[in-house]
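A short write-up of the structure that comes next.
The values are calculated or read from the model by the stated rules, or taken from the named source; none is laboratory data. In this text the structure is predicted, and so the values were computed from the model without any measurement. Backbone-built Cβ (ideal geometry, glycine too); neighbour counts: all protein chains shown. With ligands, DNA and RNA removed, areas are computed over all heavy atoms of the protein, side chains included. Shrake-Rupley method; radii C 1.70, N 1.55, O 1.52, S 1.80 Å.
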Amino acid sequence: MDFKTHIQAVKKECLLALKKVDSVDSLKEVEQRFFSRKNGELSKAMKLLKDESGQAKQTLGQMANDIKKELEDAFANKHDELRREQMAAIGEREAIDVTQTLVTAQMPGHIHPLTQGLWELEDVARGMGFIVEDGPELDSDFYVFESLNIPAHHPARDSQDTFYIKDHPNWCMRSHVSNMQVRLMRKYSEKGSKPVRAAYPGRVFRNEAIDATHEHTFYQFEALMVDREIHIGHLVGVIKELLKGLFGREIEVRLRPSYFPFVEPGFELDMKVDFGKGEQWVEMLGCGLMHPRVLEEGGYDPHEWQGLAFGMGLNRLVMAKYGIEDIRHFHSGDMRFLEQF
Ligand code: DAH
């Protein structure tokens, strides 16, 4: 085959191949096949030029160059075309309608049910002359356990129940807000003992297996009162008033003797609630009269002063108020849950 026929055949073949190209990748392949310096079809054809001579060689050489140029242009055009298609597809896929109304603007946020419950309780507490205090979530063994007459072998101190800080065995994430008891009392007894009424809600942490009624992080609402001649009547009275504020009605309660190292006597308080299956007694909180050792730690003479303290799980109370069946809803961020409150 002479040079002219050959190179024209290559050109035809190349244009045909180019026509079938539908992606940048296949374009590269075709480019390789025809333009590769070493064994591309075009280079191979060019080699035949050396068999020609004289005027013919010059004319044919010129023709070969024109063909090469023509094919290069065809490749460049194809490349542009593919890029444009690619961009159009991206534009299609990722289009943003800037005229669309902002959906979130029609969905203003609202207060989380736990916070609503917390604020309701705080309001009632303030109404009864309690100040509301905040406390540290990371605290020393002393305030979380030691100062509360909780002995070293007590199960609450076990790392099964409490999160300790690695390499710092005296520090833990508080497992109850009772870590505020002695801290608060000391504040009030610093310059001579004075009566105290304080509520101290907050987050607590426990190394729990999580299920419908247990979370590793939850809220407690605790309060204490130190004064002269404090008795169980005050304890029940204050608790009932708080529950009434939260539930919006009188709540029937009962006390059962129980044990907490920092109170004596200690009780568990049950309240009558209806979860839809009729009224039932449900265990709601721990309470009691302050143990003399705790009063002493706080700077009060137990012969002169008495105290009451009670602590309740806020999540549980809010669950009881609304009939929420699973504690995990609170931190799920699930709008279907949150929008109901
Ligand atoms: N701190 C206890 C707990 O987390 C609850 C508690 C019991 C608090 C008795 C009190 C109390 O103030 O008097 O289980």
Exercise for the section: Report, in debye and to the nearest 20, how large the dipole of region 42-189 comes out about its Cα centre when Lys and Arg carry +1 and Asp and Glu carry -1 on their Cβ. Expected result: 640 debye
Problem - Projected label distance in nm at Lys272 and Ser43, using a 7 Å step from Cα toward the beta-carbon - result: 9.8 nm
Fill in the blank from the handout: Given Cβ charges of +1 for Lys and Arg and -1 for Asp and Glu, the option among Ile7, Ser43, Gln55 whose Cα lies farthest towards the positive end of the dipole of region 3-93 is Gln55
Handout entry: Nearby lysines by direct alpha-carbon distance to Lys28 (threshold 28 angstrom, same-chain neighbours under 8 apart not counted)
Key = Lys4, Lys11, Lys12, Lys19, Lys20, Lys38, Lys44, Lys47, Lys68, Lys69, Lys78
Exercise for the section: Roll a 1.4 Å probe over the protein heavy atoms and report the accessible area of Val132 in Å², nearest 10. Expected result: 40 Å²
Handout entry: Theoretical ellipticity at 222 nm over the chain - DSSP helices of four or more residues, -39500 (n - 2.57) apiece, nearest 500
Key = -13000 deg cm²/dmol
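Quantify, in whole percent, the carbon and sulfur part of the accessible surface of region 113-338 (1.4 Å probe; protein heavy atoms only). Mind dumping the intermediate values first?
Values: 5450 of 10900 Å².
On region 113-338, the fraction of accessible area on carbon and sulfur atoms equals 50 percent.
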Practice task
Using a/c under 1.5 as the rounded threshold, could you call region 79-163 rounded, prolate or oblate? The axes a ≥ b ≥ c are square roots of the C-alpha gyration tensor eigenvalues, and prolate needs a/b larger than b/c, oblate otherwise.
Solution key: oblate
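Taking every pair of Cα atoms in region 113-338, average 1/r, invert it to obtain the Kirkwood radius, and report Rg/Rh to two decimals.
My calculation puts Rg/Rh at 0.96.
Just reorder His168, His6, His153 by solvent-accessible area, largest first, 1.4 Å probe, all chains present.
Values: His168 100, His6 50, His153 150 Å².
If we order His168, His6, His153 from most to least accessible, we get His153, His168, His6.
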Exercise for the section: Report, to the nearest 10°, how far helix 54-93 tilts away from the longest principal axis of the Cα atoms in the chain, using its own Cα long axis and a range of 0 to 90°. Expected result: 20 degrees
Fill in the blank from the handout: Helix 3-20 sits off the longest principal axis of the Cα atoms of the chain, rounded to the nearest 10 on a 0 to 90 degree scale, by 30 degrees
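How about region 49-106: which GluC sites (Glu not before Pro) there lie in a loop by DSSP and see at most 11 other Cβ atoms within 10 Å? Before the final figure, lay out each step's value.
Numbers: sites: Glu52, Glu70, Glu72, Glu81, Glu85, Glu92, Glu94; in loops: Glu52, Glu94.
In loop regions of region 49-106 (DSSP not H, G, I, E or B), the sparsely surrounded GluC sites (Glu not before Pro) are Glu94.
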Fill in the blank from the handout: Under the 7 Å Cα-to-Cβ spin-label approximation, Lys187 and Ala74 lie apart by a distance in nanometres of 8.6 nm
Completion exercise
Taking a straight Cα-to-Cα line shorter than 18 Å from Lys191, and setting aside same-chain aspartates and glutamates fewer than 8 residues away, one finds Asp227, Glu296, Glu297, Asp301, Glu304
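Could you tell me which of rounded, prolate or oblate describes region 1-53, using a ≥ b ≥ c as the square roots of the eigenvalues of the alpha-carbon gyration tensor, with rounded for a/c under 1.5 and, failing that, prolate when a/b is larger than b/c and oblate otherwise? Don't jump to the answer; show the numbers that get you there.
Numbers: a/c = 5.15, a/b = 1.94, b/c = 2.66.
Oblate, since a/c reaches 1.5 and b/c is not below a/b.
Using a simple charge model, +1 on the beta-carbon of Lys and Arg, -1 on the beta-carbon of Asp and Glu, nothing else, what dipole does the chain show about its Cα centre, in debye to the nearest 20? Provide the component values of the computation, followed by the final result.
On the way: 44 positive and 55 negative charges, 338 e Å.
Dipole size: approximately 1620 debye.
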Problem - Where region 42-82 is the region considered: accessible area per residue in Å², 1.4 Å probe - result: 62 Å²
Problem - Residue of Phe34, Phe262, Phe130 that the Gaussian network model of the chain assigns the largest fluctuation, springs spanning Cα pairs under 10 Å - result: Phe34
Practice task
Measure nothing but the geometry: give the 0 to 90° angle between the long axis through the Cα atoms of 232-247 and the longest principal axis through the Cα atoms of the chain, rounded to 10°.
Solution key: 40 degrees
Problem - Accessible area (Å², 1.4 Å probe, nearest 10) - Arg33 - result: 110 Å²
Completion exercise
Computed from every Cα-Cα pair in region 265-315, P(r) in 5 Å bins starting at 0 and rounded to whole percents is 5, 18, 19, 15, 13, 10, 8, 5, 4, 2
Practice task
For region 160-202 and region 78-132, write down the distance between their C-alpha centroids in whole Å.
Solution key: 37 Å
Exercise for the section: Roll a 1.4 Å probe over the protein heavy atoms and report the accessible area of Lys321 in Å², nearest 10. Expected result: 60 Å²
